[in-house]
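Step one of this worksheet: look at the structure below.
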Amino acid sequence: MSIAQDWLGAGGLLSQRLVDFQARDEQLQMAEAVESALADDATLIVEAGTGTGKTFAYLAPALASGKRVLISTGTKALQDQLFRRDLPQLLSGAGVPLQIALLKGRANYLCLYRMDRARSLPAVQGNRALQQAVMAVGVFARHSDDGDLAPLEAQMERHPLLRPHITSTAENCLGSECPVFNDCHVAKARRKAIAAQMVVVNHHVLFSDYVIRQDGFGQLLGSVDAVIIDEAHQLPALAAQFFGIRVSSRQWRELARDSREAAREAGDVPGIEQQAEALEQAPAALDEVFEQLAAQRRSLVQFLALPGAPQALEAVRGQVMALFEALRPLEERNADFAALTARALDQLERLQQILDEPEGEQVRWVEPAERGGSLYATPLSVSEGFRQMVAAYPGAWILTSATLTAGLRFDHFVSQMGLESARTLALGSPFDYAAQARLWIPRDLPQPNDPQHSVQVAQLAASLSGVTEGGVLVLCTSHRALRDISDRLRRQASQRVLRQGDAGKAELLAEFAADGHAILVATQSFWEGVDVRGRALRVVMIDRMPFAPPGDPVADARALALRARGEHPFRAMALPEAILQLRQGAGRLIRDPADRGLLVICDPRLQTQSYGRLVRKSLPPMPECANEAEALAWAQQL
Ligand code: SF4
């Protein structure tokens, strides 16, 4: 009998010891595949539908294997859930003592060095609220063993200036040169992680460990026998981010601010202070150019064609160079100036790399932010980079998520990640979709690019919400649609309308779940990670197929590259990517065997275009309502 069967099978270890545990066939199949991949040091890709219990399906064989395992998941919240709820539950059920560790990104740990410096900075002393907040952190520091800032999250939300003063970045950390390195919480957390049998990280930490490889990074992947990546559908976007290069107005301003503060503290280097002040002012002209982009991503070539762009960029580059030249003679003076010199040089090199990068393997693009923006060079494909990452750390690699296939095939994900030789396994959800859910694709809506589309989606949401007495989640594909639909709903619907941005995600979801009759309108981050069980969520409405917006420089460059290889960009990239995102959104509806609901996709193209069939085939097997009357009848009895 397999270990998976022993632990997760009917009558197995967990059935006997955990009150709520129920054996599930899909979970057992996944656990057996994970068990053999761990034994063979193989790469395995598993799609496990909602309700499979995939966390236990990989944790149980990983624990039983006796191997050192790194587990990476998508967000800090999921990381905490895994470490504080799922793992302890499994360990107590199995009665296995094991050293486990949680490792977050450095922005989640108190930096003792920067906190100490912050107390004497004029910027802090001149801001009474900030000064008090820093003092409160000092009290926290005396009692905290691990420096994890989770208990101060609310305080940091109230004082947005606080976090940069009490945490480090890869750029400003002094590493082993730091005078308090022996007490450093970041270093201690890493040492603990390296010594543990099982370490829980998030994908940012995983990629930083591989890409940055400094100050103890790189040791984590090298110290484990197996890597398990949950929420693996996020990997292509994150790999592109980490395998690429970026510089931003924010980084230039932070370099200027830190240099000015170091110069003031030293007291005898007025030249540095002047250069830092000049660099603080320099990005202003560039900010104005970024504003012309009206919140749209553009190619670097388009950006440099805007009036004043080349001159504004050259002015910033010149100021970073001048600051670097001023810092260089002070490099030996102390760790602060050494780190600042290295930072200025790094920023110069990255900017130059982006400007010089030949078109072909990379796409160069810009993205405006609230103030200024960023310049990027992103690889057209991450497949070779990720393949090398896997090859660099031999051992088992297990990638899993509820959404990795499009049209029931792994081809797109597998070729994106360069894992053509991986084992694959697709497991459906154990939920009874035929009894629990219905799909409705209204026929008479305008095309999604028609201005009347949002008007009618809002009307439909208001009338459906009237029938179901709320419990509606409207997922939009753009901020414009989010504003438009939520404004109209606030005028038309009798139920309370919550909108993304009115509060933090966790707070909004808690309000939505507690209300039970609200309408929640959201975009982007709400397409995944929303787990509202029970009657509070009865309808999910999706405004349109989530294709990448036209004119997106990265999508356009990838489409061109595919066409050059003789492939069809829509079929090879745009459609599978939209299907994967649509499946994430649709997955918000049924979260529990007792849930019932209606999924409405407000995109008439699914009725008229041939790809509509592939989209339907990719969704959970729920019956489709033939018309509005059927949909309303189903909605009425929810
Ligand atoms: S080593 Fe880096 S993170 Fe640690 S205390 Fe020093 S500056 Fe802060």
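The values are calculated or read from the model by the stated rules, or taken from the named source; none is laboratory data. Predicted model only: the values in this text are computed from it and were never measured. Note that each Cβ is placed from the backbone with ideal geometry, even for glycine, and that neighbours are counted across all protein chains shown. Heavy atoms of the whole protein, side chains included, go into the accessibility calculation; ligands, DNA and RNA do not. Shrake-Rupley method; radii C 1.70, N 1.55, O 1.52, S 1.80 Å.
Couple of notes before you dig in:
- Positive-end residue of 566, 549, 493, charge dipole of the stretch 433-636 with Cβ unit charges: 566
- Charge dipole magnitude, Cβ of K and R +1, D and E -1 - the stretch 433-636, Cα centre, debye nearest 20: 320 debye
- Distant-in-sequence amide contacts of residue 496, defined by a placed amide H-H separation under 5 Å and a gap of 5 or more residues or a different chain, comprise 519.
- Of all beta bridges that DSSP places with both ends in the stretch 56-206, some 10 percent have antiparallel geometry.
- Excluding ligands, DNA and RNA, the accessible surface per residue across the stretch 44-198 is 43 Å² with a 1.4 Å probe.
- Once the chain from residue 560 to residue 610 is taken as fully extended at 0.36 nm per residue, the excess over their C-alpha distance is 15.7 nm.
- Residue 40/residue 626 FRET efficiency (R0 41 Å; Cβ-Cβ; nearest 0.05): 0.25
- In this structure, the amide hydrogen of residue 437, modeled 1.01 Å from its nitrogen in the peptide plane, lies closer than 5 angstrom to those of 597, counting only residues at least 5 positions away or on a different chain.
- Gain on full extension, evaluated as 0.36 nm per residue between residue 223 and residue 349 minus their Cα-Cα distance, stands at 42.2 nm.
- In the frame of its principal axes, the stretch 420-480 has Cα extents of 47, 31, 23 Å, reported largest first.
- Between residue 99 and residue 296, the contour length at 0.36 nm per residue exceeds the Cα-Cα span by 66.2 nm.
- Along the stretch 328-333 the Karplus relation, 6.51 cos²θ - 1.76 cosθ + 1.60 evaluated at θ = phi - 60°, assigns HN-Hα couplings of 3, x, 9, 3, 7, 5 Hz to successive residues, with x for each Gly and Pro.
- For the chain, the share of alpha carbon pairs falling in successive 20 Å distance bins from zero is 17, 48, 32, 3 percent.
- Sulfur and carbon atoms: percent of accessible area, the stretch 433-636 [1.4 Å]: 49 percent
- In the stretch 433-636, one over the average inverse separation of all distinct C-alpha pairs is 17.3 Å, which is the Kirkwood hydrodynamic radius.
- Point-to-point label distance, residue 18-residue 444, nm (Cα→Cβ direction, 7 Å offset): 4.9 nm
- When the pairs 188/505; 67/104; 54/76 are compared against a 20 Å limit on Cα-Cα distance, 188/505; 67/104 fall above it.
- For the stretch 81-91, 3J(HN,Hα) per residue [Karplus equation, 6.51 cos²θ - 1.76 cosθ + 1.60, θ = phi - 60°, Hz, x = Gly/Pro]: 4, 5, 6, 8, 10, 5, 5, x, 4, 5, 5
- Cβ-based charge dipole, the chain, positive-most Cα from 13, 294, 340: 13
- The GluC sites (Glu not before Pro) of the stretch 303-337 meeting both criteria, a DSSP state outside H, G, I, E and B (loop) and at most 16 other C-beta atoms within 10 angstrom of the site's C-beta, are 331, 332.
- Inter-part distance where the stretch 165-188 and the stretch 332-406 are each reduced to a Cα centre, Å: 22 Å
- Förster radius 35 Å - calculated FRET efficiency between residue 91 and residue 421 (Cβ-Cβ, nearest 0.05): 0.55
- Across the stretch 484-493, computed HN-Hα scalar couplings (Karplus, 6.51 cos²θ - 1.76 cosθ + 1.60, θ = phi - 60°) run 4, 5, 5, 4, 5, 4, 5, 8, 9, 8 Hz from first to last residue, x flagging Gly and Pro.
- Of the residues 122, 416, 75, the one whose Cα sits farthest toward the positive end of the charge dipole of the chain, with +1 on the Cβ of Lys and Arg and -1 on the Cβ of Asp and Glu, is 75.
- Overall Cα dimensions of the stretch 70-143 - principal axes, largest extent first, Å: 55, 26, 19
- Simple point charges give the picture: +1 on the Cβ of Lys and Arg, -1 on the Cβ of Asp and Glu, and for the chain a dipole about the Cα centre of about 960 debye.
- Estimated distance in nm for a label pair at residue 81 and residue 140, the labels positioned 7 Å out from Cα along Cα-to-Cβ: 2.4 nm
- Counting only protein heavy atoms and a 1.4 Å probe, the stretch 343-388 has 47 square angstrom of accessible area per residue.
- Between residue 167 and 111, the built amide H atoms are under 5 Å apart, and every one of these is 5 or more places off in sequence or on another chain.
- Label zone of residue 478 (point 7 Å out along Cα→Cβ, amide N under 16 Å): in the stretch 433-456 this covers 446-456.
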